[in-house]
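Just so it is clear, none of the values below were taken in a lab; they were calculated from the coordinates. As the structure is a computational prediction, the values presented were derived from the model and not from experiment. Ideal geometry is used to build each Cβ from the backbone, glycine not excepted, and the neighbour counts take in all protein chains shown.
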Amino acid sequence: MSMIAASARIHPMAVVEDGAVVGEGVVVGPFCHVGSNVTLHDNVELISHVVVLGRTTVGAGTRIFPSAVIGGDSQSARHSAVNTTLIIGRNCTIREGVTMNTGTVEHGGSTVIGDNSLFLAYSHVAHDCRVGNNVIMSNNVMLAGHVSIGDHAIISGGAAVHQFTRVGKYAFVGGLSAVSYDVIPYGMLNGNPGVLSGLNVVGMTRAGVDRAVIHTVRRAYKAIFEGAGSIRENAAKIRDEYSDCEQVIEILDFIAAESDRALSSPSRGQKG
C-alpha cells in the first residue's frame, strides 16, 4: 500500500503504484507514473508526463519537468537490475527529457546526485555516477557510467564525459567538448578531444576567491603543467610551497588520487 501524505496532490490521471512513499506537499501532475519503490520527499513536484522508476529517492523541493525518465535501469549490458538505487538530493531542477539511471550491483549499486543541481533538457546521468552539489549540466550533456562531477562544476551543452572520468569542483567544460581524461578542480577544458585550457577564473571569482589567491593558483598551475617533470612529479614537488593555499592543495590532492583515467593537460589530446 502506498504511503501518501494528506497534503500531497495527485492528479487523477497520474499513476502512483502501491508501495510508493509520497511526502507532504508533493505534486504529481497529469500522466506521471511513480513506481512502487519510489520515495518522493516533501514538496517534490512532478509537473506532467514524468516517469520515476526503480529504487529511486527524490529529495525535498526537487522539480522534474515533462518527459523526464528518472530511475530507469542501467544501460550497461552486464547490469543485473537487482536492488540498485538512484538518490537525488534536495532542491534540484530536472528539465525536459532528462534521463537518470540507477547503479549497478557490480559497482556499488547506486547513482547519487547532490543538492541544488540543475540538469537542462535531455541531459543524461548514467549508472554509478556521482554528481556533487550545485552542479549545472546544460542541454544534451552526456555522462557515461561511473563519472564523478565535483561541486559547482559546469558542463556546457552537448559535452560528453567518458566512463570513469573525474571532473573536479568548480571546473568548467566547454560546449561540445569530449572529456576523455580527468579535469582538475578549477580547470577549464574545451575541444574534441578535450584540452585543458587554463583555470576557470570566472567561476573562482563568482565563488568569492580573492584575486591574490587566484594569482597563486595560476602560478601553481604553471608549475604543474609547464615544469620539467611529469604532471604528478611537478605536483608533488610544489606541495610544501603551496601548503597554505586551499585551492592549490585541492588540485594537488586530485592529481595524487588514484584514478582509472589519465589527467587532462594543455597538451594531451592535441594533434602533432
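Between Arg78 and Asn91, the contour length at 0.36 nm per residue exceeds the alpha carbon distance by 1.4 nm. Model label sites at Ala121 and Asp42, defined 7 Å from Cα along the beta-carbon direction, differ in position by 3.4 nm. In a DSSP loop and with at most 14 other Cβ atoms within 10 Å, the GluC sites (Glu not before Pro) in the range 1-53 are Glu17, Glu24.
Free of any trypsin sites (Lys or Arg not before Pro) that DSSP assigns to a loop and that have at most 12 other C-beta atoms within 10 Å, the longest stretch within the chain is 79-270.
So, in Å, what gap is there between the alpha-carbon centers of the range 202-270 and the range 109-171? The two parts, judged by their Cα centres, are 22 Å apart.
Backbone amide hydrogens, once placed in the peptide plane, bring Ile149 within less than 5 Å of Arg130, Val131, Gly132, Val167, excluding anything fewer than 5 places away on its chain.
Backbone amide hydrogens, once placed in the peptide plane, bring Gly19 within less than 5 Å of Ser2, Met3, excluding anything fewer than 5 places away on its chain. Helical content of the chain, expressed as a calculated mean residue ellipticity at 222 nm, amounts to -4500 deg cm²/dmol (DSSP H runs of 4 or more residues, -39,500 (n - 2.57) each, divided by residue number, nearest 500).
Between Ser259 and Ala5, the contour length at 0.36 nm per residue exceeds the Cα-Cα span by 87.1 nm. In order along the range 52-60, the phi-based Karplus estimate (6.51 cos²θ - 1.76 cosθ + 1.60, θ = phi - 60°) of 3J(HN,Hα) comes to 10, 10, x, 8, 10, 10, 10, x, 4 Hz; Gly and Pro are listed as x. Here the simple spin-label model places points 7 Å from the Cα toward Cβ, and for Lys237 and Val105 these points are separated by 5.0 nm.
Evaluating 6.51 cos²θ - 1.76 cosθ + 1.60 at θ = phi - 60° for every residue in the range 248-264, the Karplus couplings come out as 5, 4, 4, 5, 5, 5, 4, 5, 6, 5, 5, 7, 7, 10, 6, 9, 5 Hz, glycine and proline recorded as x. How large is log10 I(q)/I(0) at q = 0.11, 0.17 Å⁻¹ when the Debye formula is applied to the Cα atoms of the range 185-272, each weighted equally and without solvent? Scattering profile of the range 185-272, log10 relative to I(0): -0.30, -0.72. In terms of its Cα atoms, the range 205-256 spans 32, 18, 17 Å along the principal axes, sorted from long to short.
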